[in-house]
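Take a look at the structure set out below.
The values are calculated or read from the model by the stated rules, or taken from the named source; none is laboratory data. Computed from a prediction, not measured in an experiment: that's the story for all the values here. Positions of Cβ are backbone-derived with ideal geometry, glycine not excepted, and every protein chain shown enters the neighbour counts. Side chains are part of the model used for accessible areas, which takes the heavy atoms of the whole protein and leaves out ligands, DNA and RNA. Shrake-Rupley method; radii C 1.70, N 1.55, O 1.52, S 1.80 Å.
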Amino acid sequence: MPDQNSRIVVMTAGGVNPQVMINALAKHFPDLHVIQEEPESKGVLLKRRARRFGWFVALGQLATMIASRLGKSVAAKRSEEIIRDYGLSAEPDGAVSVTHVPSLNDPACHAMVTSLKPAAVFTISCRILSPATLAVIPCPVINFHAGINPMYRGQMGGYWSLVERDEKNFGATVHLVDKGIDTGGTLYEKRLTPSRADSLATYPLLMTAACIDISVQALRDAVGGTLKPYQPQGLSTLRYPPPIWTWLYHGFTKRVW
């Protein structure tokens, strides 16, 4: 039964996976609003990674991202299958209010959150929220992370769990947001088994579709004031996209694409 009088704000940079989640959440939370930012440019991402890893590795990571996008075209059939099998939709819902901002860390976003006065904020596929942004949000902020924390924080958690032959930890985490990267207290997590048809291009969508239930439950907990975060066990490791040569190596030697 839909939750009444429980305003939820979803923050995202947009895309198929967030849209699937938004459509599903809207069925449970009719008073749902979306604040959508402009995605960061590839140039900004490349420079940031070059500062961290050097230009050689950063360019290799960019090549993997490009290959992954090409893979999404190849994996379109599998993506459609996932959405169909879970009874979901990736089509924008005209009934859901969407406000566009340059960045979730922009004053325009701060003003919108202040005016909406949400019971909870849900983030999915967006940039890291700045301390200033977190400071103006008057409610719990919950993130959907496509990986099991703390071992697979950051990006492409499902991929890295398979590469490391840690199949039992292929899954997703719904957690509170703090000033770190996927370091907030875990609320729920779910482990899955991908099919042989899945790849880097479909792992996140599979996790999103399979974890609608725990996302809804976490938001219900937030609205009801019954959140029970906990610190999961495991070595905390921040993950990044593999350079193209690493991706190809594991693809050919381990069949993990």
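Being in contact with a Pro (Cβ under 8 Å, 6 or more places away or on another chain) and either farther than 18 Å from TYR203 by Cα or of a type in the set (Val, Ile, Thr) (or both) holds for only one residue in THR99, THR12, and it is THR12.
Evaluate the following for TYR203: is it of a type in the set (Phe, Trp, Tyr), within 20 Å of ARG69 (Cα to Cα) and in contact with a helix residue (DSSP H, G or I) (Cβ under 6 Å, 6 or more places away or on another chain)? Answer is yes for this residue.
Taking region 174-227 as the range and being β-branched (Val, Ile, Thr), crowded, with 20+ Cβ neighbours inside 10 Å and over 24 Å from VAL9 (Cβ atoms) as the test, only THR202 passes.
Total residues in region 55-80 satisfying the condition of being over 15 Å from LYS42 (Cβ atoms) and surrounded by 16 or more Cβ atoms within 10 Å (Cβ to Cβ): the figure is 6.
Checking each residue in region 241-257 for being assigned to a loop (DSSP other than H, G, I, E, B) and touching a residue at least 40 places away in the same chain (Cβ under 8 Å) picks out PRO241, PRO242, PRO243, VAL256, TRP257.
Can you find a residue in region 138-145 that is surrounded by 20 or more Cβ atoms within 10 Å (Cβ to Cβ), of a type outside the set (Phe, Trp, Tyr), within 22 Å of ALA210 (Cβ to Cβ) and modelled with pLDDT under 95?
Scanning region 138-145 turns up no residue that is surrounded by 20 or more Cβ atoms within 10 Å (Cβ to Cβ), of a type outside the set (Phe, Trp, Tyr), within 22 Å of ALA210 (Cβ to Cβ) and modelled with pLDDT under 95.
Here TYR230 meets each of (1) surrounded by fewer than 14 Cβ atoms within 10 Å (Cβ to Cβ); (2) under 21 Å from GLY15 (Cβ atoms); (3) in contact with a Ser or Thr (Cβ under 7 Å, 6 or more places away or on another chain) with one exception, condition (2). Might you check whether a residue that is under 21 Å from TYR240 (Cβ atoms), touching a residue at least 40 places away in the same chain (Cβ under 8 Å) and open to solvent by 70 Å² or more (accessible area, probe 1.4 Å) occurs anywhere in region 98-116? No, region 98-116 has no match at all.
One residue stands out in region 164-204 among those that are touching a His at 6+ places or on another chain (Cβ under 9 Å) and of a type in the set (S, T, N, Q): the one that is nearest to ILE124 (Cα to Cα), namely THR173.
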